[in-house]
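The values are calculated or read from the model by the stated rules, or taken from the named source; none is laboratory data. A quick note: this is a predicted structure, and the numbers were derived from the prediction, not measured. Every residue, glycine as well, gets a Cβ built from its backbone with ideal geometry; the counts of neighbours run over all protein chains shown.
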Amino acid sequence: MAIDKKFIDQFINVTSKAALASSYLIGKKDKIAADKAAVDSMRNELNKIDMRGEVVIGEGTLDEAPMLYTGEIVGTKKGLNFDIAIDPVEGTNFVANNLPGSISVLSIAEKGNLFKAPETYMNKIATGKIDRGLIDLDFPLKKNIKNLSEFKNKDITSLTVCLLDRPRHKKIIDELKELNVNLKLISDGDVLGAIYVSQPKYGVDMFLGIGGGPEGVIAASALDAYDCHFQGRFIFDNDKNMNEAKSMGIKDLDRKYDLNEIIKGDSIFCATGITNSEILNGIVLDQNNYTSETLITHKSSNLKKIIKKKNLIDE
(Lines give C-alpha, C1' and ligand atoms only; values in the text may rest on other atoms or scores of the structure.)
Protein backbone atom coordinates (compact mmCIF):
# COMPACT_ATOMS: atom_id res chain seq x y z
CA MET A 1 0.00 0.00 0.00
CA ALA A 2 1.27 3.49 -0.83
CA ILE A 3 1.83 6.02 1.94
CA ASP A 4 -0.35 9.07 1.36
CA LYS A 5 1.48 12.07 -0.11
CA LYS A 6 -0.08 14.28 2.56
CA PHE A 7 2.56 13.02 4.98
CA ILE A 8 5.45 14.38 2.89
CA ASP A 9 5.13 18.01 4.00
CA GLN A 10 4.44 16.92 7.57
CA PHE A 11 7.68 14.95 7.81
CA ILE A 12 9.68 17.68 6.05
CA ASN A 13 8.39 19.97 8.79
CA VAL A 14 9.58 17.51 11.48
CA THR A 15 13.21 17.36 10.29
CA SER A 16 13.29 21.08 9.39
CA LYS A 17 12.16 22.12 12.87
CA ALA A 18 14.62 19.70 14.49
CA ALA A 19 17.44 21.07 12.32
CA LEU A 20 16.43 24.63 13.25
CA ALA A 21 16.43 23.80 16.98
CA SER A 22 19.89 22.27 16.74
CA SER A 23 21.22 25.13 14.58
CA TYR A 24 21.11 27.53 17.52
CA LEU A 25 23.90 25.45 19.07
CA ILE A 26 26.23 25.42 16.06
CA GLY A 27 29.77 26.08 17.27
CA LYS A 28 28.79 26.08 20.97
CA LYS A 29 30.99 23.02 21.74
CA ASP A 30 28.08 21.18 23.34
CA LYS A 31 27.03 18.17 21.26
CA ILE A 32 24.69 16.85 23.97
CA ALA A 33 22.70 20.11 24.04
CA ALA A 34 22.63 20.20 20.20
CA ASP A 35 21.20 16.67 20.13
CA LYS A 36 18.70 17.33 22.92
CA ALA A 37 17.33 20.43 21.19
CA ALA A 38 16.68 18.42 18.02
CA VAL A 39 15.20 15.47 19.94
CA ASP A 40 12.76 17.68 21.87
CA SER A 41 11.65 19.46 18.70
CA MET A 42 11.31 16.26 16.68
CA ARG A 43 9.23 14.56 19.35
CA ASN A 44 6.95 17.61 19.69
CA GLU A 45 6.33 17.76 15.92
CA LEU A 46 5.84 13.99 15.49
CA ASN A 47 3.18 14.05 18.18
CA LYS A 48 1.10 16.50 16.10
CA ILE A 49 0.78 14.06 13.17
CA ASP A 50 -2.34 11.86 12.87
CA MET A 51 -0.67 8.46 13.07
CA ARG A 52 0.43 5.81 15.49
CA GLY A 53 4.17 5.68 14.95
CA GLU A 54 6.46 3.25 16.72
CA VAL A 55 10.07 4.39 16.99
CA VAL A 56 11.93 1.27 15.85
CA ILE A 57 15.26 3.09 15.68
CA GLY A 58 15.62 5.85 18.25
CA GLU A 59 18.06 7.50 20.59
CA GLY A 60 18.63 4.28 22.53
CA THR A 61 16.64 2.24 25.04
CA LEU A 62 14.16 3.78 27.47
CA ASP A 63 16.70 3.98 30.32
CA GLU A 64 19.27 5.69 28.06
CA ALA A 65 16.94 8.01 26.16
CA PRO A 66 14.00 9.56 28.00
CA MET A 67 12.61 10.89 24.72
CA LEU A 68 12.39 9.24 21.30
CA TYR A 69 13.61 5.96 22.72
CA THR A 70 13.29 2.75 20.76
CA GLY A 71 9.77 1.44 21.30
CA GLU A 72 8.20 4.83 22.03
CA ILE A 73 4.83 5.50 20.38
CA VAL A 74 4.50 8.94 18.77
CA GLY A 75 1.72 10.78 16.94
CA THR A 76 -1.88 11.44 17.92
CA LYS A 77 -2.43 7.64 18.09
CA LYS A 78 -5.10 8.05 15.37
CA GLY A 79 -4.75 6.94 11.79
CA LEU A 80 -2.17 4.71 10.14
CA ASN A 81 0.43 2.60 11.91
CA PHE A 82 4.01 3.43 10.95
CA ASP A 83 7.49 2.29 11.86
CA ILE A 84 9.80 5.26 12.32
CA ALA A 85 13.59 5.45 12.35
CA ILE A 86 15.06 8.72 13.59
CA ASP A 87 18.42 10.38 14.02
CA PRO A 88 17.60 13.92 15.22
CA VAL A 89 21.23 14.96 14.68
CA GLU A 90 23.61 12.88 12.63
CA GLY A 91 26.97 14.51 13.23
CA THR A 92 26.58 16.05 16.70
CA ASN A 93 30.32 16.83 16.64
CA PHE A 94 29.80 18.75 13.41
CA VAL A 95 27.16 20.94 15.04
CA ALA A 96 29.20 21.45 18.22
CA ASN A 97 32.28 22.49 16.26
CA ASN A 98 30.60 24.29 13.33
CA LEU A 99 31.78 21.74 10.77
CA PRO A 100 30.02 20.67 7.56
CA GLY A 101 27.88 17.55 7.23
CA SER A 102 25.30 17.50 10.04
CA ILE A 103 21.71 16.56 9.24
CA SER A 104 18.43 15.82 10.98
CA VAL A 105 16.98 12.66 9.52
CA LEU A 106 14.05 10.26 9.72
CA SER A 107 12.56 7.43 7.75
CA ILE A 108 9.07 5.95 7.89
CA ALA A 109 7.51 2.79 6.52
CA GLU A 110 4.30 0.90 7.13
CA LYS A 111 4.14 -1.20 10.31
CA GLY A 112 6.52 -4.15 10.19
CA ASN A 113 8.37 -2.93 7.08
CA LEU A 114 11.40 -1.26 8.69
CA PHE A 115 14.09 -3.46 10.19
CA LYS A 116 14.49 -3.07 13.95
CA ALA A 117 18.25 -2.67 14.12
CA PRO A 118 20.11 -3.33 17.34
CA GLU A 119 22.46 -0.67 18.75
CA THR A 120 25.57 -2.24 17.28
CA TYR A 121 27.95 -1.86 14.36
CA MET A 122 27.17 -2.96 10.83
CA ASN A 123 29.49 -3.83 7.98
CA LYS A 124 28.01 -2.15 4.90
CA ILE A 125 28.48 -1.82 1.18
CA ALA A 126 26.48 0.43 -1.15
CA THR A 127 26.60 1.45 -4.80
CA GLY A 128 24.23 2.96 -7.33
CA LYS A 129 21.97 0.73 -9.41
CA ILE A 130 23.92 -2.31 -10.63
CA ASP A 131 23.30 -5.79 -12.03
CA ARG A 132 22.32 -8.38 -9.44
CA GLY A 133 25.20 -10.42 -8.00
CA LEU A 134 27.88 -8.00 -9.17
CA ILE A 135 28.86 -6.51 -5.82
CA ASP A 136 28.72 -8.49 -2.59
CA LEU A 137 29.77 -7.92 1.01
CA ASP A 138 31.42 -11.35 0.95
CA PHE A 139 33.51 -10.77 -2.18
CA PRO A 140 37.15 -9.70 -1.78
CA LEU A 141 37.49 -5.92 -2.03
CA LYS A 142 39.56 -6.20 -5.20
CA LYS A 143 36.82 -8.26 -6.91
CA ASN A 144 34.12 -5.72 -6.01
CA ILE A 145 36.25 -2.84 -7.30
CA LYS A 146 37.10 -4.71 -10.52
CA ASN A 147 33.45 -5.69 -11.13
CA LEU A 148 32.24 -2.14 -10.54
CA SER A 149 34.89 -0.69 -12.83
CA GLU A 150 33.87 -3.08 -15.64
CA PHE A 151 30.14 -2.46 -15.10
CA LYS A 152 30.59 1.32 -15.18
CA ASN A 153 33.14 1.14 -17.98
CA LYS A 154 35.45 3.27 -15.86
CA ASP A 155 39.10 2.74 -15.13
CA ILE A 156 39.74 1.59 -11.55
CA THR A 157 41.82 4.73 -10.98
CA SER A 158 38.78 6.90 -11.72
CA LEU A 159 36.53 5.17 -9.17
CA THR A 160 35.87 6.93 -5.83
CA VAL A 161 35.14 5.02 -2.64
CA CYS A 162 33.73 6.72 0.46
CA LEU A 163 34.31 5.36 3.97
CA LEU A 164 34.69 6.52 7.54
CA ASP A 165 38.24 7.56 8.44
CA ARG A 166 38.76 5.11 11.30
CA PRO A 167 41.68 2.93 12.47
CA ARG A 168 39.46 -0.13 11.91
CA HIS A 169 39.47 0.65 8.18
CA LYS A 170 43.25 0.85 7.82
CA LYS A 171 43.51 -2.45 5.94
CA ILE A 172 40.73 -1.45 3.51
CA ILE A 173 42.24 2.02 3.00
CA ASP A 174 45.69 0.53 2.34
CA GLU A 175 44.23 -1.91 -0.20
CA LEU A 176 42.29 0.86 -1.98
CA LYS A 177 45.46 2.93 -2.15
CA GLU A 178 47.30 -0.04 -3.70
CA LEU A 179 44.55 -0.26 -6.32
CA ASN A 180 44.97 3.50 -6.89
CA VAL A 181 41.28 4.11 -6.21
CA ASN A 182 40.24 7.65 -5.18
CA LEU A 183 39.34 7.90 -1.50
CA LYS A 184 36.70 10.10 0.08
CA LEU A 185 37.30 9.77 3.81
CA ILE A 186 34.63 11.13 6.14
CA SER A 187 35.07 11.78 9.85
CA ASP A 188 31.45 11.09 10.81
CA GLY A 189 27.96 10.84 9.38
CA ASP A 190 27.62 7.61 7.46
CA VAL A 191 23.97 8.14 6.50
CA LEU A 192 25.09 11.05 4.33
CA GLY A 193 28.16 9.04 3.31
CA ALA A 194 26.00 6.25 1.90
CA ILE A 195 23.68 8.70 0.12
CA TYR A 196 26.64 9.92 -1.96
CA VAL A 197 26.28 6.79 -4.14
CA SER A 198 22.66 7.65 -5.03
CA GLN A 199 23.46 10.04 -7.88
CA PRO A 200 26.47 10.44 -10.20
CA LYS A 201 26.68 14.18 -9.42
CA TYR A 202 28.10 13.41 -5.97
CA GLY A 203 31.07 11.63 -7.54
CA VAL A 204 31.09 8.55 -5.27
CA ASP A 205 30.95 5.06 -6.82
CA MET A 206 30.94 2.95 -3.66
CA PHE A 207 30.39 3.36 0.06
CA LEU A 208 31.73 0.70 2.41
CA GLY A 209 33.03 -0.14 5.85
CA ILE A 210 31.87 -0.52 9.42
CA GLY A 211 29.50 2.06 10.90
CA GLY A 212 26.36 2.20 13.03
CA GLY A 213 23.70 -0.45 12.41
CA PRO A 214 20.76 1.91 12.96
CA GLU A 215 22.35 4.41 10.53
CA GLY A 216 22.62 1.58 8.01
CA VAL A 217 18.86 1.03 8.12
CA ILE A 218 18.13 4.76 7.76
CA ALA A 219 20.54 5.06 4.80
CA ALA A 220 19.03 1.97 3.17
CA SER A 221 15.59 3.58 3.19
CA ALA A 222 16.92 6.52 1.17
CA LEU A 223 18.88 4.32 -1.22
CA ASP A 224 15.81 2.14 -1.82
CA ALA A 225 14.02 5.02 -3.55
CA TYR A 226 17.02 5.43 -5.88
CA ASP A 227 17.04 1.68 -6.66
CA CYS A 228 20.58 1.43 -5.29
CA HIS A 229 22.46 -1.65 -4.12
CA PHE A 230 22.99 -2.04 -0.36
CA GLN A 231 24.01 -4.92 1.89
CA GLY A 232 24.71 -4.98 5.59
CA ARG A 233 25.80 -7.42 8.28
CA PHE A 234 25.54 -6.63 11.97
CA ILE A 235 28.61 -7.16 14.12
CA PHE A 236 27.86 -8.85 17.43
CA ASP A 237 31.14 -8.98 19.32
CA ASN A 238 30.03 -9.08 22.95
CA ASP A 239 27.40 -10.80 25.11
CA LYS A 240 25.31 -7.66 25.56
CA ASN A 241 24.94 -7.18 21.79
CA MET A 242 24.27 -10.88 21.21
CA ASN A 243 21.59 -11.01 23.91
CA GLU A 244 19.95 -7.84 22.58
CA ALA A 245 19.87 -9.29 19.07
CA LYS A 246 18.30 -12.53 20.28
CA SER A 247 15.69 -10.61 22.30
CA MET A 248 14.78 -8.76 19.07
CA GLY A 249 14.24 -12.07 17.28
CA ILE A 250 17.49 -12.10 15.29
CA LYS A 251 18.40 -15.80 15.18
CA ASP A 252 21.26 -15.86 12.67
CA LEU A 253 23.86 -13.41 14.01
CA ASP A 254 26.06 -13.76 10.90
CA ARG A 255 23.31 -13.10 8.39
CA LYS A 256 23.90 -10.71 5.50
CA TYR A 257 20.90 -8.49 4.76
CA ASP A 258 19.99 -7.18 1.34
CA LEU A 259 18.20 -3.87 0.88
CA ASN A 260 14.78 -5.46 0.38
CA GLU A 261 15.13 -7.24 3.74
CA ILE A 262 15.96 -4.01 5.59
CA ILE A 263 13.11 -1.96 4.20
CA LYS A 264 9.98 -3.26 2.48
CA GLY A 265 7.06 -1.62 0.74
CA ASP A 266 6.57 2.11 0.52
CA SER A 267 8.64 4.60 2.50
CA ILE A 268 9.36 8.26 3.10
CA PHE A 269 12.88 9.47 3.88
CA CYS A 270 13.65 13.02 5.03
CA ALA A 271 17.02 14.62 5.76
CA THR A 272 17.39 18.34 6.51
CA GLY A 273 20.78 20.03 6.56
CA ILE A 274 21.88 21.63 9.84
CA THR A 275 25.34 22.65 8.64
CA ASN A 276 26.31 22.71 4.96
CA SER A 277 27.31 19.55 3.11
CA GLU A 278 27.89 18.57 -0.51
CA ILE A 279 24.27 17.39 -0.63
CA LEU A 280 22.38 19.90 1.52
CA ASN A 281 22.82 23.48 2.67
CA GLY A 282 22.43 24.05 6.38
CA ILE A 283 19.90 26.21 8.19
CA VAL A 284 20.09 29.92 7.32
CA LEU A 285 18.60 32.36 9.85
CA ASP A 286 17.30 35.73 8.72
CA GLN A 287 15.49 37.79 11.37
CA ASN A 288 12.14 36.00 11.88
CA ASN A 289 12.67 33.51 9.07
CA TYR A 290 14.76 30.44 8.48
CA THR A 291 15.59 28.65 5.24
CA SER A 292 16.03 24.89 5.19
CA GLU A 293 16.99 22.33 2.58
CA THR A 294 15.55 18.83 2.83
CA LEU A 295 16.27 15.75 0.75
CA ILE A 296 12.95 13.92 0.50
CA THR A 297 12.19 10.56 -1.08
CA HIS A 298 8.78 8.93 -1.41
CA LYS A 299 9.20 5.57 -3.07
CA SER A 300 5.71 4.97 -4.47
CA SER A 301 5.46 8.36 -6.20
CA ASN A 302 9.11 8.21 -7.34
CA LEU A 303 9.76 11.50 -5.54
CA LYS A 304 13.47 12.18 -5.05
CA LYS A 305 14.31 15.83 -4.68
CA ILE A 306 15.79 18.55 -2.51
CA ILE A 307 13.16 20.98 -1.27
CA LYS A 308 14.20 24.45 -0.16
CA LYS A 309 11.75 26.18 2.18
CA LYS A 310 11.58 29.56 3.84
CA ASN A 311 9.50 29.55 7.03
CA LEU A 312 8.66 31.85 9.89
CA ILE A 313 10.67 30.78 12.94
CA ASP A 314 7.65 30.68 15.25
CA GLU A 315 5.36 28.77 12.85
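Quick notes on this structure:
- Whichever residue in region 206-225 is in a helix (DSSP H, G or I) and among the hydrophobic types (A, V, I, L, M, F, W, C) and, among such residues, is surrounded by the fewest Cβ atoms within 10 Å (Cβ to Cβ): A225
- Selection from region 177-195 of residues that are part of a loop (DSSP other than H, G, I, E, B) and closer than 22 Å to D35 by Cα: S187, D188, G189
- If you go through region 18-66 and keep only what is of a type in the set (S, T, Y) and either part of a strand (DSSP E or B) or surrounded by fewer than 20 Cβ atoms within 10 Å (Cβ to Cβ) (or both), you end up with Y24, T61.
- Residues in region 96-131 that are within 18 Å of A225 (Cα to Cα) and either β-branched (V, I, T) or free of Cβ contacts under 8 Å to residues at least 12 places away in the same chain (or both) were compared, and the one that is surrounded by the fewest Cβ atoms within 10 Å (Cβ to Cβ) is I130.
- Residues that are in contact (Cβ under 8 Å) with a residue 40 or more places away in the chain and in a loop (DSSP other than H, G, I, E, B) within region 250-264 comprise I250, K256, K264, listed in sequence order.
- Test: L280 is in contact with a Phe, Trp or Tyr (Cβ under 9 Å, 6 or more places away or on another chain) and either outside the structural domain of D87 (by TED's automatic domain parsing) or more than 10 Å from S16 (Cα to Cα) (or both): no
- Subset of region 2-17 that is assigned to a loop (DSSP other than H, G, I, E, B) and of a type in the set (A, V, I, L, M) - its residue that is farthest from the chain's Cα centre (by Cα): A2
- The residue that is farthest from P200 (Cα to Cα), counting only those in region 152-176 that are hydrophobic (A, V, I, L, M, F, W, C) and not in a helix (DSSP H, G or I), is L164.
- Given (1) outside the structural domain of D188 (by TED's automatic domain parsing); (2) surrounded by 22 or more Cβ atoms within 10 Å (Cβ to Cβ); (3) under 14 Å from the mean Cα position of the chain (by Cα); (4) not small (G, A, S), number of the condition T275 does not satisfy: (3)
- Pick from region 150-205, criterion surrounded by 14 or more Cβ atoms within 10 Å (Cβ to Cβ) and among the basic types (K, R), ranking: farthest from G273 (Cα to Cα): K152
- Flag if N93 is over 22 Å from N113 (Cβ atoms), within 19 Å of the chain's Cα centre (by Cα) and surrounded by fewer than 18 Cβ atoms within 10 Å (Cβ to Cβ): yes
- Single residue of region 67-90 satisfying the filter (over 17 Å from A219 (Cβ atoms) and among the β-branched types (V, I, T)) that is surrounded by the most Cβ atoms within 10 Å (Cβ to Cβ): V74
- Whenever a residue of region 147-161 is assigned by TED's automatic domain parsing to the domain that holds Y202, its partners that are in a loop (DSSP other than H, G, I, E, B) and small (G, A, S), lying with C-beta atoms within less than 9 angstrom and at least six residues away or across chains, give the pairs K152/G128; T160/G203.
- Hey, K6 over 19 Å from I73 (Cβ atoms) and free of Cβ contacts under 8 Å to residues at least 12 places away in the same chain or not: yes
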